[in-house]
Amino acid sequence: MARPWKLTKQPPALVKKLLLIIAVIGGSYSLWSQEETAPDYGELTGNFQFDGYFYQEDSAIGAFGSNYPDEKFLGQGFMNLNYTRGNFRMGVRYENYQNVIQGFPTEYQGEGITYRYAQFVKDGLDITAGNFYEQFGSGMILRGYEERGLGFDNMFDGVRVKYEPIKGLALKGVLGRQRKFFEKSNGLVRGLDGEFNLNELMGFGGNTQYILGGSFVSKYEAANSPIYNLPENVGAGAGRFQINSGKFSFSGEYMYKVNDPSFDNGYIFRKGEGLIFNGTYSTRGFGLIVQAKRIDNLSFRSERDASFFAVPINFLPPTTKFHTYALPALFPYATQPRGEMGFQVELTKNFKRGSFLGGKYGTTVVFNYSVASSIYKEYYDATDTLNLVKEGYKTDWFKAGDILYFQDFNFLVKKKLNRNLKMNFGYYNITYNYDVLNKGISDEDIVAKGNKPNMIYSHTFVLENQIKLTSRKYLRTELQWQLTDEDVSQEVINDDFNMGDRVMLLIEYSVAPNWFFAIQDIYNYGHPDVAKRLNYPLASVVYQVGTTRFQATYGRQQAGIFCVGGVCRLVPATNGASLTITTNF
Amino acid sequence: MKKFVLSLLVVFAGFTLTAQSLDIPEVTIKDINGKQVSSSSIEADGKPVVISFWATWCKPCVRELTAIDESYIDWQDETGVKVIAISIDDTRNSAKVAPFVNGRNWEYEVYIDENSDLRRMMGVNNIPHTFLFDGNGKLVYQHNGYAQGDEDLLYEMIQKLARGETLEAH
Amino acid sequence: MKNALYITTFLSVFALASCDIVDEPLKDGIGGGGPAPTETLRSVLIEDFTGHKCNNCPKAADEIDLIQGLEFGNRVFAVGLHVTQFFAGPDASYPEDFRTPIGNEYETFFNISALPTGMVSRTDYTSTSSGHLKNYSAWASEAFALTAELAKFEILPNVTYNAVDRTISVTAQIPVLEEYTGNLNFMVMITENDIVAPQKMPDNSKNSNYVHKHVLRGGLDGSWGKVVNSGTALEGDTLLYSGVSAPIDSTWNKDNLYALMFIYDADSQEIWQVTEEHVP
């Protein structure tokens, strides 16, 4: 049945005027001129992106029925415009989804102006009216940000004031509603943040730098529950510090949130607490970072019944390494807002040219280890309904829980072998808790099952070579080999395509500055279900000229998981051709 | 008379030696130690400036900066060019930027744009994205993406700017 | 410097004061019963999009049971629509197929992608967003608010079953209690209660004897029902509906069949009144 489309949303009159102004000024703009005589029309910048995908049915990978779009061709795009003149700025963004490509949140439907703002910046005062992005500290208490590639956008629509009354003191205040796809959140968010650079404020010098910061954020959402006495105002506070002294740097943030029953936490009235700590040591040729984290009940959204990408106020950074090689990236970690604890260590060492391990050109080695597990929980008796709702569970700050969520040990060796050959070799050993990370199963349910969650253990070897053919022509190859060991039930094997050993080969030929040609194949030769031992071939061409880039691909893409913070979206496997056009101006 | 000549000299010195800010929007970012600074504090001292937006997880970005790193000392000797690497790593990775950069012995001036504020104002969508400014701080070239060999083309343009030539429109 | 300290102290006090700390999380009197209302109040329909391989879906079904046990629960009707290839498609372990043409059409029209999700009388529907899709934790508050409203329509149904050709006939009189202008459709769904079949549970295990309730089996007039009003319906008017089903499927348990019927606005999709009758 054809979707009964409503007519294109008409942007409100004010926005039309804004666009007209930008168009008129933009049509007669010139870059900043150093001569005093030329009139200053301000400066216009912007960017544009279009993604289109033409799908083919492919029953072998499950791309049929409702996994195959009726439209056959899906396309989406956006355009940003920013205008700056003196102390004044404004901008707009137009987004269009006709319809969203597979894997993108389907809540984006239709088109319209989704972002518009006016900003005035002068003498330490910065006022924004309209849409804005903002981060307090590490983002654990408040972060409005965008990940265009994933379809994530939780920006605020309201007012933001930033003020530096004296050097070393930065104050911020925000008030607004968050974006919820093409609508606004029902909840209202207000926040204050102050950052104190003690060296500047108290006027002491020296090599050690001290920075302190504090934030307060509260949200309001009307409530009308027949079952609970819900808090309509929920407040949170955070404190942070950063100390840099020569080669060392230490930073940390602690956050506290009052009762915030929500869909995410199963409607318990428990407080939320979180702590992140970083310590780094870096010197010429050597870098070391240690991160530790503990999170207890820190989902914080401006709508209590929202989930997935909808209106989170804060951002809980994962303390694991983000992998970009395709096979290790099949097992991504996402922070568990209900609770987790863990740590990460990364060591970077550069062996100088001429040294024993460095060889002729030098060698870089990176070691990384991270682990995340549940927090310690003692459950109340099933009959103790009051405590179950009020507290949920008892915990201990210094004890880890019994459930391993994720563990990752990896290293990468980068070496230039001769004038024309560079090599990267990597090894990734990943332990992945399928029940928690893929299915969102709660700790209580896992413990009730005797703590035997479905686990996947993988070893991946990666060899990447970069071969110089001429000064403009290069060949880049990637060979990846993944061995997996699944400790999973038959159910999981029946459901999931991402099982078993696989090997990947990528060959990319580039001619600077304009052309890239690449061909790759992933062969899932070890899938326990013989029918799913498939090849996923993909060819791509990129043409780049100046700031405009055209990319076309054709082939099969594996099912995958895109994760952002504590949120993962399953992307079905697809077969077809895609076209992406991006440009800047 | 002396005072007059002195003040005249000061004025002349001001015209020639004044460090000008780059033609980029004024946005608060952090230096590699986490201290808040304004983007307008990035200066062009009459020499070309390259601004490259990158991230620790962006392989082509790291390839580009590694490739430039191999010739950076020569580039600086010949043209005085300054390469500024602005990382858009968010809190997941921003603490890693200093050990990452130092562990690789990179000599660039590094800043961290943790919530992509400067990136957004400069219209940058995907990274790597590289901007080239002349000695007066004026934007003359920008490029998105990286193919091995692009750094040589970039350097040809830097040499031209250092010689005082103007670049054809790109 | 001192000013800064004063300001921050004041602001922190102000900020902390603006949060509600709750001592008694649960409301009293959430049991069932209560006096019958004197005026006709609105009944609501919870459309629960679900699937037998959706491990979080039993939680949504439990929420419906909980709501129907509350004071206003007798005005809350529900239907489970099994949708999506991924969660409701049959395979060796889960051989049933509870999907229907109506469910498949709703999957596209209402933009369903993640399960479980549901609508409460299809409020907040727009074609350009997903505000009408609500997580199950929001259903109780939504149903509570809507069932306190005065009804705009009343539905007086008459359901009969013809054992010879195995068809269900429904006629209904719909008195208009409040003047209404708009296109109104009347839809009758056939649902089957208490079907025992496998279901994936929250801990990812399979419950082979799960009791599926109010499962959508079909409808009388396609996916959108019949038009019963265009233009203005005056207070005191009575709209009329009559329809006949196709022969019921032999795999259905006839004793557990219900005719679930509702009147809704064909443009805004909002459901104004609902009722349900057991098929005799």
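Taken over region A:313-368, the residue count meeting the criterion of being more than 8 Å from chain B (Cβ to nearest Cβ), of a type in the set (A, V, I, L, M, F, W, C), in a loop (DSSP other than H, G, I, E, B) and touching a residue at least 40 places away in the same chain (Cβ under 8 Å) is 6.
With respect to residue A:234, determine if the residue is over 23 Å from the mean Cα position of the chain (by Cα), among the β-branched types (Val, Ile, Thr) and under 30 Å from residue C:143 (Cα atoms). Criteria met by residue A:234.
When region A:301-312 is limited to residues that are assigned to a loop (DSSP other than H, G, I, E, B) and touching a Lys or Arg at 6+ places or on another chain (Cβ under 6 Å), the one that is farthest from the other protein chains (Cβ to nearest Cβ) turns out to be A:302. Do we find a residue being surrounded by fewer than 17 Cβ atoms within 10 Å (Cβ to Cβ), touching a residue at least 24 places away in the same chain (Cβ under 8 Å), within 14 Å of chain B (Cβ to nearest Cβ) and not in a loop (DSSP other than H, G, I, E, B) anywhere in region A:546-559? Checked region A:546-559: at least one residue is surrounded by fewer than 17 Cβ atoms within 10 Å (Cβ to Cβ), touching a residue at least 24 places away in the same chain (Cβ under 8 Å), within 14 Å of chain B (Cβ to nearest Cβ) and not in a loop (DSSP other than H, G, I, E, B). Only a single item in (1) touching a strand residue (DSSP E or B) at 6+ places or on another chain (Cβ under 6 Å); (2) away from chain B (no Cβ under 14 Å); (3) crowded, with 24+ Cβ neighbours inside 10 Å is not met by residue A:289, and it is number (2). Within region A:510-544, the residues that satisfy the criterion of being within 14 Å of chain B (Cβ to nearest Cβ), surrounded by 16 or more Cβ atoms within 10 Å (Cβ to Cβ) and either at pLDDT 95 or above or under 27 Å from the mean Cα position of the chain (by Cα) (or both) are A:516, A:518, A:540, A:542, A:544. Restricting attention to region A:250-265, which residues are outside any loop (DSSP other than H, G, I, E, B) and either more than 14 Å from chain C (Cβ to nearest Cβ) or surrounded by fewer than 24 Cβ atoms within 10 Å (Cβ to Cβ) (or both)? Matches in region A:250-265: A:250, A:251, A:252, A:253, A:254, A:256. Could you tell me whether residue A:331 is surrounded by fewer than 23 Cβ atoms within 10 Å (Cβ to Cβ) and over 14 Å from the mean Cα position of the chain (by Cα)? So residue A:331 does not fit the description; no. From C:140, C:92, grab the single residue that is at pLDDT 95 or above, small (Gly, Ala, Ser) and farther than 22 Å from residue C:278 by Cβ. Just a single option satisfies the conditions, and that option is C:140. When B:87, B:39, B:52 are screened for being more than 10 Å from chain A (Cβ to nearest Cβ), buried (at least 19 other Cβ atoms within 10 Å of the Cβ), under 23 Å from residue A:117 (Cβ atoms) and touching an Asp or Glu at 6+ places or on another chain (Cβ under 9 Å), only B:39 passes.
Selection within region A:456-475: residues that are surrounded by 18 or more Cβ atoms within 10 Å (Cβ to Cβ) and among the hydrophobic types (A, V, I, L, M, F, W, C). The member of this set that is nearest to the other protein chains (Cβ to nearest Cβ) is A:462. Residues to consider are A:258, A:159, A:217; find the one that is closer than 20 Å to residue A:310 by Cα and touching a strand residue (DSSP E or B) at 6+ places or on another chain (Cβ under 6 Å). One residue alone meets the criteria, A:217.
If you go through region B:67-101 and keep only what is within 30 Å of residue B:163 (Cα to Cα), without any contact (Cβ under 8 Å) to a residue 40 or more places away in the chain and in a helix (DSSP H, G or I), you end up with B:69, B:70, B:72, B:73, B:74, B:76, B:77.
When region A:264-286 is filtered for residues that are in contact with a Phe, Trp or Tyr (Cβ under 8 Å, 6 or more places away or on another chain) and without any contact (Cβ under 8 Å) to a residue 60 or more places away in the chain, the ones remaining, listed by number, are A:271, A:272, A:273, A:275, A:277, A:278, A:279, A:280, A:281.
The number of residues in region A:132-163 that are of a type in the set (Ser, Thr, Tyr), farther than 21 Å from residue A:184 by Cβ and part of a loop (DSSP other than H, G, I, E, B) comes to 1. Return yes when residue A:80 is modelled with pLDDT of 90 or more, buried (at least 20 other Cβ atoms within 10 Å of the Cβ) and either over 23 Å from residue A:537 (Cβ atoms) or among the charged types (D, E, K, R) (or both) and no when it is not. For residue A:80, the condition - modelled with pLDDT of 90 or more, buried (at least 20 other Cβ atoms within 10 Å of the Cβ) and either over 23 Å from residue A:537 (Cβ atoms) or among the charged types (D, E, K, R) (or both) - is met.
The values are calculated or read from the model by the stated rules, or taken from the named source; none is laboratory data. Just so it is clear, the model here is predicted, and its values are computed rather than measured. When we count neighbours, we look across all protein chains shown, and the Cβ atoms used for this are built from the backbone with ideal geometry, even at glycine.
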